[in-house]
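For reference, the structure discussed in these notes is given below.
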Amino acid sequence: MSDLRDLYQEVIFDHNRHPRNFGPLATANRHADGFNPLCGDRLTLHLRVEDGVIREARFEGAGCAISTASASLMTEALIGKSEAEAAVLFEGFHHMVMGEITSVDLGKLAVLAGVSEFPARVKCATLAWHTLNAALKNASQPVSTE
Amino acid sequence: MFEVEALRRQFPILQRQVHGRPLVYLDSAATTQKPLAVIEAERHYYETLNANIHRGVHALSQEATDAFEGARDKVRAFIGAARREEIIFTRGATEAINLVAHSWGRQSLAPGDEILISEMEHHANIVPWQLLCEATGAILKVIPIDARGALVPGAVDAMIGPRTRLVGITQVSNALGTVNPVADIVRQAHRVGAVVLVDGAQAVAHQPVDVVALDCDFYVFSGHKLYGPTGIGVLYGKQALLERMPPYQGGGDMIAQVTFEKTTYNSLPYKFEAGTPHIAGAIGLGAAIDFLQHIGLDAVARHEDRLLAHATQQAEAFEGLTCVGTAPGKVGVLSFVMKGVHPHDIGTILDREGVAIRTGHHCAMPVMDRYQVPATARASFAMYNTIGEVDALFRALRRVEELFLK
Ligand SMILES: Cc1ncc(COP(=O)(O)O)c(C=O)c1O
C-alpha cells in the first residue's frame, strides 16, 4: 500500500475533492479541450493571457483523481507566469512524471512525482498540460493523449 | 464434474504474482487466459509441422494444411454451421465485421437504405457501418436501450422497416452483460428481407451457439476471448450470401487463376482468405474449442452464473456502488461505478492488490453516454475464476473506499 500512498498523496485527494480554479471564465481569451480516450477524462481549459502573461486560468471537466488534481495544481501554478515560464514548468513536470531528473523548481507540483511509478497514469497527469499547450497555441482541435 | 481448482492448473499464468500478490484475473471479457492445451498446440505446430499451407507438395505443407483445415472443421461443428465453406478465418471479430461491411455492404446498399444496430454495440460493430454509410449513402439507425441495459421493448419492431437491409446486433454486450434475443431479431429482420450479422465476441465462451438454429446470416467472433490465441477469429456466413459477395482482399490463396487480363477467384472459403493466414492461431483456436467442449459449456455457464450472482449480491450491498447493466439474464460481467471515485483510480488501486479489472469505456462510448458516466469499472468472469476471487475483488474495493473516502 505504501506506493499507493506515494501516488495518492493527501494534497491530491484535497485537489480532487475541491478543485481550485474550477469553472468557466468569462474573461478568457484562450481555450482548449483535452481528452484522454483511454479513461474518458475530458477537460476544458480557459486562460486569460495578456502581454504574454497568464493572468487567469480555470478549468472544467470530469476526470480521475490524478487528472483533476493535476489540472487544479497546474492552474494554481500558472497564474502570473509568462508563457515562456509555463513552457519551462511543463518540461520540468514532464521529466518528473517520466521519472527523469529535472532542475526545474516545480513547487507544489512535486506531489505528483509518484506518478512516475505508475506508467499507466502518466497520461492522466499530463492531460492538463497538453491542453495548456493547445490553449497557448489556441488550437481549435481538441488535444488527445493518444 | 466441474472442478475449478483442477481447471486453474491448466492455466499457467494464474500461478503468477502481481505486485507481490496472487493474480486475480477478472478481465476475461477483454481477453481470456490460455490453457496449456492451446499453448502446447501452437508449440507443437511450430516444433513439428511448420510450413506454408495449400501450396506445397512436401510432407510438412500437407500436414500443416491438414491441421489448419482440421481447425476449420472444429469451428464449424462448434457453432453448428452446416458447411466448412461457410467458415472464414479472419484476424478477429473486428476484421470479420469489416469484411462483411466492405464486401457485402458496398455491393448491396443504395442511398436511403438502412442499417440497424443497437446502442450497446462495441465500436467494432458501429464504425464499419458508419464507414459503409458514408460510402454508400445508407443511413445508420440505432435501437435504444433502457435503464437496465436491455433493448427498449418494441423498439426493434418499430425500427425494422422496408428500407432495412442489415441488422448488426451483439449477442452479449461486453459493457453491460446483456443477452439479446437475437433469434427473434433474426425472424423480424428476415420478414422484411434484411440480413443479420450477430456479433458473438462475448457470447461464444459463455453459451452454446448454433448458427443454423439462430438462422443468422453472419456470425463473428474472436479466438482470444474463447481461450484461444490472439490474431485469429471467425466469420460465419451463409453460403449463398458468401458466394455472391466479391472478395475482400486480393492476393495469394484467394485466386483460381491469375493473368494480367483477368483473375478468377478461388472457391469458398478461400476466396476470403487472401495471403498466408495465422496458421498457428487457427490450430490454437481448434485446441481451445476441444478444451472448452471437454469441460462443457453448460458447466462453464453454470459456474460463471454463480460467480456473477455472488458478485452482484456483494455489489448491491456495497454502499456507494452502482451497477451499470442489470438486464434480466445478463452474463459474464459486472460493470459498476463508485460514488466519489473515478473508475481509473479504482483500477490502479485494485491492480496493486493483484486484482486485474478493466476500467474505461470498454470500446462502447455510446453506452457510457447513455448512462452519463465517463467510464465504468468492469469485472468479468471466466471458467477459471473462483468465489474467493470475487471476495478478493470486494476486499480490494474496500481498500479503495479506505483510501478515497475515509
Ligand atoms: C462485443 C464485442 N464485439 C467485438 C469485439 C472486437 O473483438 P476483437 O478486438 O477481438 O476484434 C469485442 C472485443 O472487445 C467485443 O467485446
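The values are calculated or read from the model by the stated rules, or taken from the named source; none is laboratory data. All values derive from a computational prediction rather than experimental measurement. All Cβ positions, glycine included, derive from the backbone under ideal geometry; neighbour counts span all protein chains shown. Ligands, DNA and RNA are excluded from the accessible area calculation, which covers all protein heavy atoms including side chains. Shrake-Rupley method; radii C 1.70, N 1.55, O 1.52, S 1.80 Å.
Kindly identify region B:79-171 as rounded, prolate or oblate by the Cα gyration tensor criterion: order the square roots of the eigenvalues as a ≥ b ≥ c, call it rounded if a/c is under 1.5, otherwise compare a/b with b/c, prolate if a/b is larger, else oblate. Could the numbers behind the result be given before it?
Working: a/c = 1.73, a/b = 1.23, b/c = 1.40.
Oblate is the answer for region B:79-171, as a/c is 1.5 or above yet b/c matches or exceeds a/b.
Find the centroid of the Cα atoms in region A:1-53 and in region A:55-74, then give the distance between the two in whole Å.
Each part's Cα centre sits 1 Å from the other's.
Residue by residue, what Karplus-based ³J(HN,Hα) values in Hz, rounded to whole numbers, does region B:132-142 have, using 6.51, -1.76 and 1.60 with θ = phi - 60° and x for Gly and Pro?
5, 4, 4, 6, 10, x, 6, 10, 8, 10, 10
Semi-axes of chain A's equivalent ellipsoid from the Cα gyration tensor, sqrt of 5 times each eigenvalue, largest first, rounded to whole Å? Intermediate values should be presented prior to the final figure.
Values: eigenvalues 103, 53, 40 Å².
Here the semi-axes work out to 23, 16, 14 Å.
Using a probe radius of 1.4 Å on protein heavy atoms only, what is the accessible area buried between chains B and A, both sides summed, to the nearest 100 Å²?
Details: alone 16930 and 7310 Å², together 22500 Å².
For chain B against chain A, roughly 1700 Å² becomes buried.
What does the net charge come to around B:N180 if you take all other residues with beta carbon closer than 11 Å to its beta carbon, with K and R at +1 and D and E at -1? Walk me through the numbers before you get to the answer.
Working: positive: B:K330; negative: B:E121, B:D184, B:D199.
Result for the neighbourhood of B:N180: -2.
For region B:159-214 and region B:77-130, write down the distance between their C-alpha centroids in whole Å.
Here the two parts' Cα centres lie 11 Å apart.
Using a Förster radius of 30 Å, what is the FRET efficiency between B:E69 and B:L131 based on their Cβ-Cβ separation? Nearest 0.05, please. Please report the intermediate quantities before stating the final value.
Numbers: r = 32 Å, r/R0 = 1.08.
The pair B:E69/B:L131 has a calculated efficiency of 0.40.
If one takes the longest principal axis of the Cα atoms in chain B, at what angle in degrees, from 0 to 90 and to the nearest 10, does the Cα axis of helix B:343-352 lie?
Result, in degrees: 80.
For region B:202-343, place one equal point scatterer on every Cα, skip the solvent, and apply the Debye formula. What is log10 of I(q)/I(0) at q = 0.10, 0.17, 0.20 Å⁻¹?
Calculated log10 I(q)/I(0) at the listed q: -0.55, -1.05, -1.23.
What's the extension gain from B:Q17 to B:R306 if we count 0.36 nm per residue and subtract their Cα-Cα distance? Spell out each step's value before the answer.
Details: separation 289, 0.36 × 289 = 104.04 nm, distance 2.54 nm.
Gain in length upon complete extension: 101.5 nm.
Ignoring ligands, DNA and RNA, what percent of the accessible area of the protein assembly as shown is carbon or sulfur (1.4 Å)? Walk me through the numbers on the way to the answer.
Details: 11770 of 22500 Å².
C and S atoms contribute 52 percent here.
With a sphere of radius 14 Å drawn around the Cβ of A:G23, what net charge do the other residues whose Cβ falls strictly inside it have (Lys, Arg +1; Asp, Glu -1)?
Numbers: positive: A:R20, A:R48, A:R58; negative: A:E56, A:E60.
Counting the neighbours of A:G23, the net charge comes to +1.
In sequence order, what are the phi-derived ³J(HN,Hα) couplings for region B:223-239 according to the Karplus relation 6.51 cos²θ - 1.76 cosθ + 1.60 with θ = phi - 60°, rounded to whole Hz, with x for glycine and proline?
Working through the residues one at a time gives x, 6, 9, 10, 6, x, x, 6, x, 9, x, 9, 10, 9, x, 5, 4 Hz.
For the protein assembly as shown, treating each Cα as an identical point scatterer without solvent, what Debye log10 I(q)/I(0) comes out at q = 0.12 1/Å?
Normalising to I(0) and taking log10 leaves -1.18.
Just to confirm the filter: which trypsin sites (Lys or Arg not before Pro) across region B:45-87 are DSSP coil and have at most 16 other Cβ within 10 angstrom of their Cβ?
Loop-located and lightly packed - B:R55, B:R83.
How far is helix B:387-405 tilted off the main Cα axis of chain B, in degrees rounded to 10, range 0 to 90?
60
Mind checking which lysines have their Cα closer than 16 Å to the Cα of B:K339? Skip sequence neighbours fewer than 8 apart in that chain.
Cross-link targets: B:K406.
Taking amide H positions as placed 1.01 Å from N in the peptide plane, with prolines and chain starts having none, which residues 5 or more places from A:N29, or on another chain, fall under 5 Å of its amide H?
The list, which skips near neighbours in sequence, is A:L47, A:R48, A:V49.
Which whole-number percent is the relative contact order of chain A (Cα, under 8 Å, 6+ apart)? Write out the running numbers ahead of the final one.
On the way: 272 pairs, mean separation 43.9, N = 146.
Relative contact order of chain A: 30 percent.
Whole Å is fine, so just give me how far the alpha carbon centre of region B:242-318 lies from that of region B:1-32.
After rounding, the separation between the Cα centres reads 24 Å.
By how many degrees, 0 to 90 and rounded to 10, does the Cα axis of helix B:182-191 deviate from the longest principal axis of chain B?
40
Just to verify a number: what accessible area does B:C133 come out at with the full protein assembly present, 1.4 Å probe, Å² rounded to tens?
20
Divide the volume of the convex hull of the Cα atoms of chain B by its number of residues and quote the answer in cubic angstrom per residue. Don't jump to the answer; show the numbers that get you there.
Working: hull volume 57.6 nm³, N = 406.
Here the figure is 142 Å³ per residue.
Enumerate the lysines that B:K262 could reach by cross-link, defined here as Cα to Cα under 24 Å, with residues fewer than 8 away along the same chain left out.
Within the straight-line cut-off, B:K262 pairs with B:K271.
Give the cross-link partners of A:K81 among the lysines, using a straight C-alpha distance below 25 Å as the criterion and excluding same-chain residues fewer than 8 apart.
Candidates past the 8-residue exclusion: A:K108, A:K123, A:K137.
Show me, for region B:291-306, the HN-Hα J-couplings you get by feeding each phi into the Karplus relation (A = 6.51, B = -1.76, C = 1.60, θ = phi - 60°), rounded to Hz, glycine and proline as x.
Result, ordered by residue: 4, 5, 6, 5, 6, x, 5, 5, 5, 4, 4, 4, 4, 5, 5, 4 Hz.
Counting Lys and Arg as +1 and Asp and Glu as -1, what is the net charge of the other residues whose Cβ lies under 15 Å from the Cβ of B:P247? Before the final figure, lay out each step's value.
Details: positive: B:R106, B:R244, B:K262, B:K271; negative: B:E85, B:E95, B:E243, B:D253, B:E273.
Net of charged neighbours comes to -1.
Please tell me the relative contact order of region B:254-406 in percent, rounded to the nearest whole number, where contacts are Cα pairs under 8 Å and at least six residues apart. List each step's numbers first, then the result.
Details: 159 pairs, mean separation 30.0, N = 153.
Once divided by the residue count of region B:254-406, the mean separation gives 20 percent.
Label region B:232-281 by shape, choosing from rounded, prolate and oblate, from the square roots a ≥ b ≥ c of the eigenvalues of the Cα gyration tensor; if a/c is under 1.5 it is rounded, and otherwise prolate applies when a/b is larger than b/c, oblate when it is not. Could you put the intermediate results ahead of the total?
Details: a/c = 2.75, a/b = 1.24, b/c = 2.21.
Oblate is the answer for region B:232-281, as a/c is 1.5 or above yet b/c matches or exceeds a/b.
Just to be sure I understand the model, the point goes 7 Å from the Cα along the line to the Cβ. What's the resulting B:R395 to A:D6 distance in nm?
Inter-label distance under the simple model: 2.4 nm.
For the protein assembly as shown, what does the helix formula give at 222 nm: sum of -39500 (n - 2.57) over DSSP H segments with n ≥ 4, over the residue count, nearest 500 deg cm²/dmol? Spell out each step's value before the answer.
Values: 19 runs with 209 residues, N = 552.
One gets -11500 deg cm²/dmol as the mean residue ellipticity at 222 nm.
If I take every Cα pair under 8 Å that is 6 or more residues apart in chain B, average their sequence separation and divide by the length, what percent do I get for the relative contact order?
Details: 807 pairs, mean separation 91.7, N = 406.
That works out to 23 percent.
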